[in-house]
Structures are given as C-alpha cells and as structure tokens.
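I have placed the structure first, in the form of structure tokens, so that the comments after it can refer back to it.
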Amino acid sequence: MNRYRLLIGMACLLFATTALAIRKPDPWFSYNGTYTVLKESITDEDLDKLLELPKPEVLDLYGCGNISDDGLERIGKMTELKELRLRWCGLVTDAGLEHLTGLAQLTKLELTGCGRITDAGLAHLEEMTQLEKLDFSRCEKITDKGLARLAGLTQLEELWLDDCALITDAGLAHLAGMTRMRFLDLEGCRQITDAGLANLAGKTQMRVLWLEKCPQITDAGLAHLEGMTELERLAVNGCPQITVEGLERFAKTAKLSKLYLEDCEQITEADVQRLEKLMPECRMYHESRPKDVWGY
C-alpha cells in the first residue's frame, strides 16, 4: 500500500512540476490568448523558445527589427498558427514569406512596414487561399503585378494597401473576385483614379473604405460606389476634388456612421451641415469638428 501511495505521490509531483514549467513566465513573451513579444530586441534564435511552449494560434512580433527570414523559417513550424503580426519587422524579405506557405490554418497576416517585401514575395501567398486578412501597409515596393498574384484569394475580407503608392487602377482590377471584401485601405495610393474605383463597384459587402490622400478621385468615382449599401465608414480626406454633391448620394444608398472629410478643399462647414441633415446618424469629421479616436 505504501508503494502505491509513493507512486501516486511521485506522479502528482511530476504533473505539478510540468504544469509549473509550462506556466512559468517567459522573459521574452507574454500569453493572454496571444503570444506577444515583451522585448523588441529578440532574435531569430529566441523564437526557438516558442517551439517548446504550447502551440500558439496568434503571434504578435510588432517592432521586432531583428527578426529575419531565419525567424520566419522557425515560425513556419508553428502549424497551429492562425494569425501572424509582423509589423515593422524590417529584415523580412520575399524569401521569408516562402516559409509560411505550410501554415494551412493561417487566416490573418500583417506585414506593415516590411519594406523589403516585393511582388515576388506575394507570389508565395497565392496558394494560401484560406487567408482572410492581409496588411501590406507601407510595403512601398508592391505594384499591380503583386496584386495580380493575390487575385485567387477569394476568401479575403480585409486588405490594407495604404502608402503602396505604385498601385494603379490596373491593380484594383485584380480584386474583382474578392466578393467577400469588407475592408479596403487605399490611403496614399495617389495613382488611383475614378476608373480604378469602377473595379470596386461589385463589392456590395464593403463596410470600410479608406480613400484618404487619393487626390485624383472625383465625384464621378464615388458614383461607382453606390452599390455599397452596407458601407459604414468612408474616408475621403485629402481628396481635393470631392464635393458635397458627390457625397449626397450615400444618404440614400449606404449606412454611413462615420465620414472623414478633413482637407477636402471643396467641402465647407455649410456642406457638412447639409450632409448632417441628410445623414443624421453619421458622424462627420471636418477641420472644425472633434477628432475621432482612430479605431476600425
């Protein structure tokens, strides 16, 4: 009997020791449903620690400037990963993205500020048809050819392209098959014109459309968006050719709750008041109005 008690005691001790080892705080990472880096100075080798922990579903490496393609090779072994945030990991290149192609459960990939990514890197993503969100903000080398690589990602719901200034109207044509798209950020894509917006006409599920600092867009371009009956947020700030007449059409067709109008040279305070009467549930943002807390 004493032997059995001893064996049971040893088993309980082993279980408790193992549990403590798993829960012991790691100096590099915190875990609250998401593995978040606590030190931006971590290196590729430090990611080996994650391979010893319970398999992560979400990994946030925001601002980890020492993470390179070797680090992405390690991340490529985290097969349960569903969301990967690599914002401002400036050493990541096209070659690194190839290591992610085996992550069959990955649905969200954020590459904000990864300025070495080019169209060639996007070619590694074209078979990852499960992707629902892609963020290429400040990836300034991406062109229309890169968007052509993404044309088959028909599950995509969010696409961030702000400050991808090489993208033109031709690039937007490659988004035609993405009928589930709800969020599109084209801020700073200064080559987009009214013709480019015509390529978005069929996106009736769109909830948020960011056209900030697209100076070539006019009221004629906005006319292509009338079918976006679910649209909740529209940003045309920094679009100097937009007028109140171009925006009035959304009073009948959309469900706008926020409309961003700063730096629209032809929109006056009187115009804003006119729009408020037509869309009383919509909050307007203009030079004379309180600033928004920038949430999406």
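Just so it is clear, none of the values below were taken in a lab; they were calculated from the coordinates. Keep in mind it's a predicted model, so treat the numbers as computed, not measured. Glycine gets a Cβ as well: all are built from the backbone with ideal geometry, and neighbour counts include every protein chain shown.
Taking the beta-carbon count within 10 Å as an exposure proxy, list Val208, Val272, Val92 from fewest neighbours to most.
Final ranking by Cβ density, sparse to dense: Val208, Val272, Val92.
In what sequence do Phe136, Phe250, Phe183 fall when counting other Cβ within 10 Å, fewest first?
Least to most surrounded, the residues fall as Phe183, Phe250, Phe136.
What are the ³J(HN,Hα) couplings of the range 87-95, residue after residue, when phi is run through the Karplus curve with 6.51, -1.76, 1.60 and θ = phi - 60°? Round to Hz, x for glycine and proline.
Calculated HN-Hα couplings, in order: 5, 6, 9, x, 8, 5, 10, 4, 4 Hz.
Output wanted: per-residue J couplings in Hz (rounded whole) for the range 215-231, from phi through Karplus 6.51 cos²θ - 1.76 cosθ + 1.60, θ = phi - 60°, x for Gly and Pro.
x, 8, 6, 10, 4, 4, x, 4, 4, 5, 9, 4, x, 7, 6, 9, 4
Need the full-extension length gain, Gln273 to Gln155, defined as separation in residues times 0.36 nm minus the C-alpha distance. One decimal, nm.
38.6 nm
Fewest to most neighbouring Cβ within 10 Å: what's the order for Thr243, Thr79?
Thr79, Thr243
Suppose R0 equals 51 Å; then what is the FRET efficiency for Gln266 and Thr129 from their Cβ-Cβ distance, rounded to the nearest 0.05?
Efficiency, from the Cβ-Cβ distance: 0.75.
Taking the alpha-carbon centroid of each part, what is the distance from the range 91-105 to the range 54-70 in angstrom?
Value for the Cα centre distance between the two parts: 12 Å.
Could you name the lysines in cross-link range of Lys258, using Cα to Cα under 23 Å and dropping any fewer than eight places away on the same chain?
List returned: Lys133, Lys203, Lys213, Lys277, Lys291.
Calculate, for Ala104 and Lys145, the FRET efficiency according to 1/(1 + (r/R0)^6) with r their C-beta to C-beta distance and R0 30 Å; round to the nearest 0.05.
0.70
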